[in-house]
Every structure is written in structure tokens, then in C-alpha cells.
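Read-outs throughout are calculated quantities, based only on the coordinates presented, and are distinct from any laboratory measurement. In this text, all values refer to a predicted model and were calculated from it rather than measured experimentally. Ideal geometry is used to build each Cβ from the backbone, glycine not excepted, and the neighbour counts take in all protein chains shown.
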Amino acid sequence: MQMPMTPPDMPPIPKDELAAAYAERQADSDYGFQKEFELLQMLPECFPDRTTHASEARENQPKNRYPDIKAYDQTRVKLAQVDSITGSDYINANYVTGYRVSLYIYNKNIVVSVVKNKS
């Protein structure tokens, strides 16, 4: 029987170690960054309670700049719905707790049509 996967152990990098950590990951054609990215790709399997139904909805797919980067339903930012338009409350962004910050919103390369809310 295969053991369930657990998230990779990636503690925060102290700022005085950041340059060295970057150089280490960049060595050998960014091998360290590639390995870390591959570990992060496993995270959805580690958290089966996290769903991405809103990101996968047909009306919201054009609002996702990258089809493989989805907002978790449990922590996604919900906009005010416009005139009962299905999907007008969607933006690919999540609330994230941060280091020394209680909460912030994370969005990766917003799609301009989302800003104009053309659902």
C-alpha cells in the first residue's frame, strides 16, 4: 500500500540566507528551482479537501491566465456579483496568510478582461 504524500518541507528562508539559497537553486541550469517546482506540483494531492471548482467553471476559464494555476474555492477572493451574471464574482486570487502580515491577496498576472469584468 502506498503511503499518502505529505507536503514538502520548505521552511521560510531567512533574509540573510536568501542570496545563498537563490544561488544554490540557480546552479546547474536552475536545477534547484526545477526540483522545488516539481515538489510544489504535488501539493494538490496532499490537500484533498482543497477544491478548484470556481476556477474550472466554463465561464471562468478565460479569466485564468494559466490553466494550471487555480484558485482554491476555500480561500478564493470573491468579488461582488454583477447583475446576476454567472461567474462575475470570480477572479483567480486567494487570500493568503503571510510572514509578518496577517492577510494579503495573491493574484498572478491578472487578465485585463477580468479587471473590466467582461463575463
How far apart, in nm, are two points set 7 Å out from the Cα along the Cα-to-Cβ line at T86 and at D68?
2.9
Pseudo-spin-label distance K15 to T97, built 7 Å along Cα→Cβ, given in nm, is 2.2
E36 versus V77, label points 7 Å from Cα toward the beta carbon: distance in nm?
2.4
For K35, go through the aspartates and glutamates and keep the ones whose alpha-carbon is under 15 Å away, minus same-chain ones fewer than eight residues off.
D9, E24
